[in-house]
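First comes the structure, then the notes that go with it.
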Amino acid sequence: MKVLKSLGVHAIILSAVAFALYPVLWVVSLALSPNEPPGAIPWPSDPSLDALSEVVLRQDDEGTYLFLMQTGASLLVAFATAFVAILIATPAAYALSRFRFVGKDASLSALLATQMFPGVAAAIPLYLLLDAIGLIDHLGGLVLVYATTAVPFAIFQLRGAFDGIPRDLEEAAMVDGATRLQAFRLVVLPTVRPALAVTALFAFMTAWNEFILAATFLSREEIFTLPVVLQRYVGEHRAQWGHFAAGAIVVSVPVMALFYWLQRHLVGGLTAGGVKG
Amino acid sequence: MLAGPVTTKPDGNALALADVRKQFGETTVLKGIDLAAEDGELVVLVGPSGCGKSTLLRCLAGLETPDHGTIRIGERDVTRLPPKERDVAMVFQSYALYPHLTVRRNLAFGLELRKTPARTIDKRVTEVAGMLGLEALLDRYPRELSGGQRQRVAMGRAIARRPSLFLFDEPLSNLDAALRTEVRIEIKRLHHQLRTTMVYVTHDQEEAMTLADRLVVLNGGVVEQQGPAIDVYREPATRFVGSFLGSPAMSFLPAEAKEGTLTVGDATFDSESAHRGPCTVGLRTHDVVVDPDGPLTLEVRVVETLGHATHAHGVVEGHPFVARLHGDQRPAPGDEVRLRPVYVHLFDPESGARIRR
């Protein structure tokens, strides 16, 4: 009976795993068989790294390695977005968590409202705005646009984290001889580090994966972000699915690396209650 | 005002509060507190929850600013100074240890902020760790410690600073009963060793009695009484103080004072008081003895057996009453026990103020 139950449980788990992994395996095998798409069983018939190397080593007419440039552009935009989000959201969230001031509730509602609209809805006004300040087709402009959604999200995330830190901690630091700023820097910030890591990761990923706005605001190929690059392989005239799959795998590597690097904090962030002094 | 110490007229007190008031919105929490403590005294602020004792302590720490009045620590008027300029250390109810720092760094935190030389910090940390038995825990994080250990680290963090005033905000309330007694004795020992002025907040009257050099009973934002703990216990200034100190609490009976006697309902007994007319008699549990000819009759309802003593809860002349009997005397519910008062407190039935003999 016990054995049967265990077998049943494992069968369910295995089928769930298979369901989740199948598309991933399919993409991997597609990337490895650029000439002929794999069938129902995700296994390349004629394995080759051609698609991968063509995607990664693609050069323009002047011999510049385009994919490297574009990866650089993507990394720059994603890191800058995460940085700006944390830089602005941390003090804002702290103020919203700890202080009472006029317009506090109104500003919270306003921040929440910004999260309700899809970014695309604002694409045209954003285009006009960026055009007015000369940041169309400029990575700085893209960071600015991404920050408008990343910052409010980060504020909400971090406000929750600050709310979870007992006031006693800062007060203890202040009685111990710290100014409010020192108490914030030396005690509060290190305590919310897991939340900061998680928030930064989300901001990074959102910017790293965003397609529509990037495709709207960028037109120079050498500063395309990677989702735009990928989309170009599946054009109107021909669809290079093998290249698309190879590119998709390369694009997911940095995200996986970041997750791996931050996993300690991610777990810490999930069990944030454990930090209570 | 933030420029530094402001010298006022010295009177030798380590701590002096004059007419301190504090209001939060519509609620007045402190209604004019006057308080003084001599150098090296252990002052205990005690009172029921909501009496303002924690707010008062936070005003001393600089975490709240009074709306009115002055606070002086030593020679300095600190009323408007931020916490860091007051030279006080505080032990929080929640301990408030820095979760990301080891015990060692927790102890050193205040000293590091003051740019104390590393060698001095090391020396102090070692010294404090020795004093509190924390040597083996120095490299652990707060989350790896038990409640009692955290509590000791919190005290160590305060002691390492060598402040001119210690503040304790209900430091024992998160400990279990056995540990509470242990740490209470530890605090008393540390106070003897350090000889620094301490202000200690608690709602526990037993903790207050056992620790206090000077006991300050707060109720509804005012000081009901302050003085040496034993004096406050023996001569409570108000009916509230009488009922708050001592456990089980003092029993109260309405009485009529005549020439040399007190009459409670049908019972009359001798009393040497100059007071005449209606009054409230306060009797602590140990202020009565069992006497077959005693004037008071206790109808026993509930009996608590402690071993060394027995608490008989019941009714005297229609009013709730508790008597402490010898451990060998264990009446059953429903029994009647005759009692003779050996000491009575008299209070004004209107104001609740003590009637002096």
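The values are calculated or read from the model by the stated rules, or taken from the named source; none is laboratory data. Computed from a predicted structure; not experimentally measured. Don't worry about glycine lacking a Cβ; one is built from the backbone with ideal geometry, like all the others, and counts go over all protein chains shown.
Selection of the range A:222-267 for residues being of a type in the set (Ser, Thr, Tyr) and part of a helix (DSSP H, G or I) yields A:SER252, A:TYR260. Here is a check on your reading of the model: is B:MET209 among the hydrophobic types (A, V, I, L, M, F, W, C), over 14 Å from B:LEU97 (Cβ atoms) and surrounded by fewer than 23 Cβ atoms within 10 Å (Cβ to Cβ)? Judged against the criteria, B:MET209 is a match. Buried (at least 23 other Cβ atoms within 10 Å of the Cβ), touching a residue at least 12 places away in the same chain (Cβ under 8 Å) and away from chain B (no Cβ under 14 Å) - does that describe any residue in the range A:171-183? Within the range A:171-183, not a single residue is buried (at least 23 other Cβ atoms within 10 Å of the Cβ), touching a residue at least 12 places away in the same chain (Cβ under 8 Å) and away from chain B (no Cβ under 14 Å). Elements of the type helices (runs of 4 or more DSSP H) sitting completely within the range A:1-102 and holding at least 1 residues that are aromatic (Phe, Trp, Tyr): these cover A:2-32, A:66-98.
Taken as a whole, the condition of being assigned to a helix (DSSP H, G or I), in contact with a Gly (Cβ under 9 Å, 6 or more places away or on another chain) and farther than 22 Å from B:ALA61 by Cβ does not apply to B:LEU253.
Looking at the range A:208-220, can you tell me whether even one residue there is under 16 Å from A:LEU87 (Cβ atoms) and either modelled with pLDDT of 90 or more or within 13 Å of chain B (Cβ to nearest Cβ) (or both)? Checked the range A:208-220: no residue is under 16 Å from A:LEU87 (Cβ atoms) and either modelled with pLDDT of 90 or more or within 13 Å of chain B (Cβ to nearest Cβ) (or both). For the range B:266-275, filtering for residues that are within 20 Å of B:ASP335 (Cα to Cα), in a loop (DSSP other than H, G, I, E, B) and in contact with a strand residue (DSSP E or B) (Cβ under 8 Å, 6 or more places away or on another chain) leaves 0.
Yes or no: the range A:215-222 includes at least one residue that is surrounded by 24 or more Cβ atoms within 10 Å (Cβ to Cβ) and not charged (D, E, K, R). Taking every residue of the range A:215-222 in turn, none turns out to be surrounded by 24 or more Cβ atoms within 10 Å (Cβ to Cβ) and not charged (D, E, K, R). State whether one or more residues within the range B:295-315 are in a strand (DSSP E or B), surrounded by 19 or more Cβ atoms within 10 Å (Cβ to Cβ) and of a type in the set (D, E, K, R). No, because not a single residue in the range B:295-315 is in a strand (DSSP E or B), surrounded by 19 or more Cβ atoms within 10 Å (Cβ to Cβ) and of a type in the set (D, E, K, R).
Which members of the range B:133-150 meet the condition of being without any contact (Cβ under 8 Å) to a residue 40 or more places away in the chain and either in a helix (DSSP H, G or I) or not aliphatic (A, V, I, L, M) (or both)? Listed by number, the residues that qualify are B:GLY133, B:GLU135, B:ALA136, B:LEU137, B:ASP139, B:ARG140, B:GLU144, B:SER146, B:GLY147, B:GLY148, B:GLN149. Scan the range B:132-143 and tell me whether some residue there is surrounded by fewer than 22 Cβ atoms within 10 Å (Cβ to Cβ), touching an Asp or Glu at 6+ places or on another chain (Cβ under 7 Å) and farther than 22 Å from A:GLN182 by Cα. No, there is no match, as no residue in the range B:132-143 is surrounded by fewer than 22 Cβ atoms within 10 Å (Cβ to Cβ), touching an Asp or Glu at 6+ places or on another chain (Cβ under 7 Å) and farther than 22 Å from A:GLN182 by Cα. If I filter the range B:276-290 for residues that are out of contact with any strand residue (DSSP E or B) (no Cβ under 7 Å at 6 or more places or on another chain), touching a residue at least 24 places away in the same chain (Cβ under 8 Å) and surrounded by 13 or more Cβ atoms within 10 Å (Cβ to Cβ), do I get at least one hit? Yes, there is a match, as at least one residue in the range B:276-290 is out of contact with any strand residue (DSSP E or B) (no Cβ under 7 Å at 6 or more places or on another chain), touching a residue at least 24 places away in the same chain (Cβ under 8 Å) and surrounded by 13 or more Cβ atoms within 10 Å (Cβ to Cβ).
Once the range B:144-159 is narrowed to residues that are among the small types (Gly, Ala, Ser) and more than 10 Å from every other protein chain (Cβ to nearest Cβ), the residue that is nearest to B:GLY133 (Cα to Cα) is B:GLY156. All conditions but one from (1) modelled with pLDDT of 90 or more; (2) of a type outside the set (D, E, K, R); (3) closer than 27 Å to B:GLN205 by Cβ; (4) in the same structural domain as B:PRO341 (by TED's automatic domain parsing) apply to B:SER271; the one that does not is (1).
In the range B:73-129, which residues are away from chain A (no Cβ under 13 Å), over 18 Å from A:VAL187 (Cβ atoms) and either basic (Lys, Arg) or touching a Gly at 6+ places or on another chain (Cβ under 8 Å) (or both)? The answer is B:ARG76, B:THR79, B:ARG80, B:ARG119, B:LYS123, B:ARG124, B:VAL128, B:ALA129.
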